[in-house]
1. Residues that are charged (D, E, K, R) and closer than 24 Å to residue 246 by Cβ: list the strands (runs of 3 or more DSSP E) wholly contained in the stretch 261-312 that include at least 1 such residues.
2. Out of the residues in the stretch 344-358 that are open to solvent by 50 Å² or more (accessible area, probe 1.4 Å) and among the hydroxyl-bearing types (Ser, Thr, Tyr), state the one that is farthest from residue 387 (Cα to Cα).
3. Which numbered condition in (1) within 25 Å of residue 407 (Cα to Cα); (2) surrounded by fewer than 19 Cβ atoms within 10 Å (Cβ to Cβ); (3) touching a residue at least 40 places away in the same chain (Cβ under 8 Å) is the only one that residue 62 fails?
4. Going through the stretch 142-152 one residue at a time, which ones are over 12 Å from residue 106 (Cα atoms) and surrounded by 23 or more Cβ atoms within 10 Å (Cβ to Cβ)?
5. Would you mention how many residues in the stretch 382-417 are part of a strand (DSSP E or B) and open to solvent by 20 Å² or more (accessible area, probe 1.4 Å)?
6. Does the stretch 308-328 contain at least one residue that is under 24 Å from residue 414 (Cα atoms) and touching a Gly at 6+ places or on another chain (Cβ under 7 Å)?
7. Between a residue in the stretch 169-186 that is at pLDDT 95 or above and any residue that is among the basic types (Lys, Arg) and part of a loop (DSSP other than H, G, I, E, B), which pairs come within a Cβ distance under 8 Å, given they are 6 or more apart or on different chains?
8. Between 311, 321, 344, 328, which is within 21 Å of residue 258 (Cβ to Cβ) and not small (Gly, Ala, Ser)?
Amino acid sequence: MGVPKGRRRIAVAVAALLTLGAVAVIGYRVLAPAEVSTPARGELPPAATPKIGVVGRLPAAPLIVDGRLRVYATTRQVYADRPVDRRHRVTPFWSYRRWPAQVNGVLASGTTVVTHWSDGKVVALDGRTGRVAWRAGGPEPGAGFTARRTGAATVWDPPGISVGQGPGGGSVLVVSGPGGLRGYGLVDGRELWRAGGGTDCRTGLGTTAAGRFVSVDACAGPATVEFRDVTTGAVGTRWRPPDAGAELVVTPLGCLTPRSQCRGLRTAAPGDAAGRGWLVGAGEPVPAPALDAAEAVLAGDLAVGVTDGVLSGRDARTGKLRWRRGDLGQVRVIAAEPGRVYALTGSRELITLDPVTSAERSRFPLTVGQDGTSWKPGLAHAVDGYVAVERLRGNARPGADDQQWFLMTEPVVLAAT
């Protein structure tokens, strides 16, 4: 006997509704906002003491945290592996993922890893375990994950996030975006101040060693550099370089970590290769002509760069020559940190110099296996005696896709100096 048509229609309708319900549930699970935190389960490795030389070859740009872990970023995930001197990337030690938001910037301060997301959320992680330390709402950055596949621009030059020290010694996180500026206590995420809400004409740059936050304000006239107290957000100084035009490009120099606790600035008109260098402290910036060249880096009180083909160190303020190294041949300064300046030769040797005396601390080929030397440096990062460098194809051009841009699938070389 067959099933009556009425009952068959009811059964079909019920089945359709069940199917739609299942699809809706699956769709919700897939599309709904989600946070997945996978804390560390194993032991934290001891601080590494690698031999001087190349440590490893990696597909992604690492942040070294506490001398023990390497932290990376992808479009929607921040994760760590261990130990810091492992030759290749391995299974994550901890992981933190959000969806559908994208990672916009990551920084490490001590053992805290701060992440800023495209929806404005600020999430601080314990870098040793990956556990969430605190969460806070923040200004939306106006973009998602903007780095190439190594993630270097997100972790080595994070836009819109920096850390400064207040008068009492407390660490303050400053987050900026088109929605304004906000300051938070780094330890607990407590909001300390906010400014410039609802504007897209104020650009946050970073913090200074004197406990101020630097931004460029073009909201009501020609671009002007603002210096705010990192603890209160109050503007203490507004300044424009002499003879500056209506638009202004400002680059932080001499930072302790990317965009944080910087000791200098370079100002230029849009599109200019060079500009004017300045030292920053408690008052208005002081001219530092030795920092005018775009390739010069600020290392302590010295401007280090190549002049007439020779690497030299000059007093940043007066330009007085302190030392020169004409014996190095063709070199390029790729990074600096307190007590170290890193120069790369044409034959791809990495030379570590004392910025005060120019004495060599180490020298070795920055090569891995049979990879060769026919590459050019991309972004680089240095911290605690480690240097990581992106290796690009010799003919890489702006606008090229990642396959034509990077030397290989593991383009980042990590070295200990």
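The values are calculated or read from the model by the stated rules, or taken from the named source; none is laboratory data. Computed from a prediction, not measured in an experiment: that's the story for all the values here. Cβ coordinates were reconstructed from backbone atoms using ideal geometry, including for glycine residues, and neighbour counts include every protein chain displayed. To get the accessible areas, we keep the full protein, side chains included, count just its heavy atoms, and leave off ligands, DNA and RNA. Shrake-Rupley method; radii C 1.70, N 1.55, O 1.52, S 1.80 Å.
1. Passing ranges, in order: 264-268, 276-279.
2. Out of the qualifying residues, it is 357.
3. Here residue 62 clears every test but (2).
4. Residue satisfying the conditions is 150 alone.
5. Matching residues across the stretch 382-417 total 2.
6. no
7. Cβ pairs passing all conditions: 184/190.
8. When all the criteria are applied, what remains is 344.
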